[in-house]
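Everything on this sheet refers to the single structure shown next.
The values are calculated or read from the model by the stated rules, or taken from the named source; none is laboratory data. From a predicted model like this one, the values you see are computed outputs, not experimental measurements. Cβ atoms come from the backbone with ideal geometry, glycine included; neighbour counts cover every protein chain shown.
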Amino acid sequence: MHLIDIKNVKKGFNDTLALDDVSFYVRENEFVTLLGPSGCGKTTLLRLIGGFEDLDEGAIELNGHSLVDIPPYDRAINTVFQQYALFPHLNVFNNVAFGLKMKKLPKDVIEDKVMRSLAQVRLKGLENRRIDQLSGGQKQRVAMARAIVNEPKVLLLDEPLAALDLKLRQEMQYELKDLQRRLGITFIYVTHDQEEALTMSDTIVVMNEGKILQIGTPVDIYNEPETKFVAFFIGESNIIPGKMLADYQVEFEDHQYVCVDHGFRKNQKVNVVIRPEDITLKKTKGQLNGIVDAVTFKGVHYEIIVYVGKREYIIHSIYPKVKGDKVSLHFDPEAIHVMKDV
Amino acid sequence: MFKKSWIFQLWLLVFIVIPIGLMLLSAVSTFSVLNPTSLEFGFRALEVLRSEVFLRALMQSLKFAGYVTGLGLLIGYPVAYLLARSKSPYKRIWVMALIVPVWSNMLLRIIAFEKLFYPESILNMFGISLDLIGTDFAIVIGMVSIYLPFMIFPIYAVLEKLDPSVLEAAYDLYASPFKRFVHVVLPLSYGGIISGVLMTALPAMTTFALPERLSGGQLLLIGNLIQNYVMRTGRIDLASSMAILLLVVMVIFYRTLLKFDAEGETLV
Ligand SMILES: Nc1ncnc2c1ncn2[C@@H]1O[C@H](COP(=O)(O)OP(=O)(O)OP(=O)(O)O)[C@@H](O)[C@H]1O
Ligand SMILES: [Mg+2]
């Protein structure tokens, strides 16, 4: 049973097609992330689900019922806005209580729920603060509390952590994920930060230019990108053109390698993806030999650029190398990811 | 920082403190700028504040200022709201249409109304003949049309600046359009309403040209009394007494309004 169904949705603004035939579904309690570069249509999609834009074509369903003619104030969906959009004339308590008051719940119930959700986002004691007396992280938590207090079926989050500094962002990523698990609310989360998407999501929807490129678990998306774009976007990668000689046999850089991919045509042109951390460097000669061009210390590892002929390879290693070192590149069959050349 | 406050304080002294001080002095003594040496103190001039003519003028002034402010708000708020919400490409033209009349001389506009309100006017061309001079209606129409822009603009400015995502958040949190207006839009525009009320009510309290022209010289508001005492009978002391009372009334009004502005900060 799908909680949300997005079916062939199209949405244009004047001359730009913001969403071009987008379809996917969301299951109950799932943490789905919409991931893609700036301007790819993530916010537009979220606003369609929230009811803040009208779609041109297609359907959006919640529990099998169309949402198209339902205004946002009648949808069992809440949003955490990118800039929080807190009510400046209300204090923390009344911001969080707003939705419950609109639903005319009894006063003591409201009080109870508000205090509970403030505790959930660790804001107890701040209920009488004015909004302009809060830090960025605290505002973010108020925005969260204001949404979750309504116990929506679906929570939409548009880059909720984008305005926070790195450390706070990582902390909040963990907290958000934890909150989602405890509350059992379905999250549709927008970000353009691939690391954030990989750490938090059950499912990632990768988008570009209004289209969905790939849907999968973080592991799938990372290890088996279907297109060059996804491979690039999901993290630094080495992408090498090659061809499939047979099932489990791929050729690139004029060498043959055993791989785990199959189902391609004989001699089909492909792209081979090898992640920087899957390559090990040895001093002895091997099949692929190159020269170290640059070494940068990145904290946990060294980023090493090696030239094999004219092609640049990026390698992550915990062992330093020196510019000019002669090295050979090694990787397991499992590290070779073959994708169609499109 | 120091330099700026120095200039400000000088300005305050020359244009506010000294004039009000002189007014106070005229009210409680025989002080005259022409003859500053013969100074005798006394509170006789303040007696005028108990006179019937003054009290009637005060009540009339309050009445008309009340009408104008109330009507101005009733008309001005919706206009400001529609203007601010409007996505029409002609929006700027509408805003201009409201500004341009303010640029033309106020006295000129008052006289224009006066001409139209007599039975014989250019309106006869259209078979219309008005006989409004001397009626409360004429005064209210005149005042509202002159002060309306001062009600609209502060409200418009506030509504225009409302964060659209805050309005969306209200929808997101189950507020219907009506509830959103009551619980979000209206409270967030209090600052504009208060500015608008002040900018309408205070000038309406002190106007003198408009009541004189549109009442055929019959209606006496406080402004008219003060003007008469200064220009016709030369009783600066009586005029000063009234002006100071007016000042006190307006300051009290202003302070009361500020209390209504929950945050006290929306108004600068
Ligand atoms: N109200 C609008 N009017 C016109 N064009 C719009 C509007 N909203 C979005 N667009 C266009 O639609 C496309 C998708 O925009 P959208 O805001 O959904 O991108 P996004 O993926 O959220 O980007 P970002 O990561 O920068 O927030 C863009 O080309 C944008 O210019
Ligand atoms: Mg966006």
- Go through the residues of the range A:10-31 one by one and say whether even a single one is within 14 Å of another protein chain (Cβ to nearest Cβ) and away from ligand 2 (no atom under 16 Å from the Cβ). yes
- Being part of a loop (DSSP other than H, G, I, E, B) and among the hydrophobic types (A, V, I, L, M, F, W, C) is the filter; apply it to the range A:68-83 and report the residue that is nearest to the other protein chains (Cβ to nearest Cβ). A:PHE81
- Message: For the list (1) more than 10 Å from ligand 1 (Cβ to nearest atom); (2) modelled with pLDDT under 95, I need the number of the one condition that A:PHE31 fails.
- Response: (2)
- Of the residues that make up the range B:215-226, is at least one within 13 Å of chain A (Cβ to nearest Cβ), in a helix (DSSP H, G or I) and out of contact with any Cys (no Cβ under 6 Å at 6 or more places or on another chain)? no
- Note on the structure: Scanning the range A:206-233 for residues that are in a loop (DSSP other than H, G, I, E, B) and more than 16 Å from ligand 1 (Cβ to nearest atom), the one nearest to A:PHE13 (Cα to Cα) turns out to be A:THR227
- Among B:GLU120, B:GLU114, B:GLU160, which is the only one that is surrounded by fewer than 21 Cβ atoms within 10 Å (Cβ to Cβ), among the acidic types (Asp, Glu) and under 30 Å from B:LEU186 (Cα atoms)? B:GLU160
- Considering (1) surrounded by fewer than 22 Cβ atoms within 10 Å (Cβ to Cβ); (2) under 18 Å from the mean Cα position of the chain (by Cα); (3) more than 15 Å from ligand 1 (Cβ to nearest atom), say which one A:PRO37 fails and leave the rest. (3)
- Query: In the range B:161-181, which residues are more than 7 Å from chain A (Cβ to nearest Cβ) and without any contact (Cβ under 8 Å) to a residue 60 or more places away in the chain?
  - Reply: B:LYS161, B:PRO164, B:LEU167, B:ALA170, B:PRO177, B:PHE178, B:ARG180, B:PHE181
- State all residues of the range A:91-130 that are away from chain B (no Cβ under 11 Å), surrounded by fewer than 17 Cβ atoms within 10 Å (Cβ to Cβ) and more than 32 Å from the chain's Cα centre (by Cα); if no residue qualifies, say none. A:PRO106, A:LYS107, A:ASP108, A:VAL109, A:GLU111, A:ASP112, A:GLY125, A:ASN128, A:ARG129
- Can you find even one residue in the range A:53-61 that is within 16 Å of ligand 1 (Cβ to nearest atom) and closer than 30 Å to B:PRO187 by Cβ? yes
- Can you find even one residue in the range A:174-194 that is among the polar types (S, T, N, Q), surrounded by fewer than 23 Cβ atoms within 10 Å (Cβ to Cβ), more than 14 Å from every other protein chain (Cβ to nearest Cβ) and within 16 Å of ligand 1 (Cβ to nearest atom)? yes
- Query: In the range A:39-67, which residue that is in a helix (DSSP H, G or I) and not small (Gly, Ala, Ser) is nearest to ligand 2 (Cβ to nearest atom)?
  - Reply: A:THR43
